Structures are given as C-alpha cells and as structure tokens.
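The structure appears right after this line, and notes come after that.
The values are calculated or read from the model by the stated rules, or taken from the named source; none is laboratory data. As the structure is a computational prediction, the values presented were derived from the model and not from experiment. Here Cβ is always computed from backbone atoms with ideal geometry, including for glycine, and neighbour counts include all displayed protein chains.
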Amino acid sequence: MVAIGQGLPAMAADFKKKFKIPHPLLVDQKRTTYKALQLKKGKARDIVNPGVLAKGTLEVLKGNIQGVAPKGTSMTQLGGVVIVDKGGEIVFTHRSQNAADNLPVDEVMASLP
C-alpha cells in the first residue's frame, strides 16, 4: 500500500509520523498521478459547502488539523482511492466528489484483492 499526496516531502514525513502510517507516503507536487487517475479538481461548491464544513469541523474537534498548503499545491485538488493488483490492473477506484468524500479505512481494506 502506498499513499500519494501533493505537499512537500517534510509535510508527508510529519503526516506519516503523526498518524502512524505504516506504509510509504509519496509526494507528487506536479499532481501527475492525480491527472493520470482522472481525479478531479473541485469547484468552490465541492470545497466549501455545509456538508464539507460540518465534516471538517468534526475532524478539527478530533485533533485532525491539516497544515497550510504550500506554494505550488492545489487547494481544489480532490483525492481518491485506487487499488492496483500485483499484475498492474486497477481493481477498485473511488474518485472523491467533494473535499469530504473520503472512504472509511475499513471500506478501503475490504476492497483489497
């Protein structure tokens, strides 16, 4: 399992340590991977709407606070989950539709081949 973010390497290292992520956490500042996987860039309604703000507020209350996005990153880039099998075939894809559209970890794990 590998996670890919768009921040700086130091931010990825800090995130990995803070959340005790056991797998590699890579950085793609040019968002080449995001484009190749057709992960969309959100519009204002995808980033700031009542549902996104409510979920974001709950995360902040839990202590999950994201840092300021560094220069060169996109505040509107949405994420997703892609599972690729050992043969290189994509077997599962979830493309986030808004900033709060993140799959629960147990759902992702259940999708593993």
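With respect to being at pLDDT below 90 and among the charged types (D, E, K, R), K20 fits the description.
From the list Q66, Q38, Q6, the one residue that fits, being farther than 19 Å from V105 by Cα, within 14 Å of the chain's Cα centre (by Cα) and either surrounded by fewer than 11 Cβ atoms within 10 Å (Cβ to Cβ) or modelled with pLDDT under 85 (or both), is Q38. Among the residues of the range 22-40, those that are part of a loop (DSSP other than H, G, I, E, B) and either polar (S, T, N, Q) or touching a strand residue (DSSP E or B) at 6+ places or on another chain (Cβ under 7 Å) (or both) comprise H23, D28, Q29, R31, L37, Q38, L39, K40. Scanning the range 9-34 for residues that are closer than 19 Å to K71 by Cβ and surrounded by 12 or more Cβ atoms within 10 Å (Cβ to Cβ) gives P9, M11, A12, A13, D14, F15, V27, D28, Q29, R31, Y34. Once the range 41-51 is narrowed to residues that are more than 14 Å from the chain's Cα centre (by Cα) and part of a loop (DSSP other than H, G, I, E, B), the residue that is surrounded by the fewest Cβ atoms within 10 Å (Cβ to Cβ) is K43. For the range 81-113, a tally of residues being over 23 Å from L53 (Cβ atoms) and out of contact with any strand residue (DSSP E or B) (no Cβ under 9 Å at 6 or more places or on another chain) returns 7. Restricting attention to the range 74-98, which residues are in contact (Cβ under 8 Å) with a residue 40 or more places away in the chain, part of a loop (DSSP other than H, G, I, E, B) and buried (at least 17 other Cβ atoms within 10 Å of the Cβ)? Correct list: G79, S96, N98.
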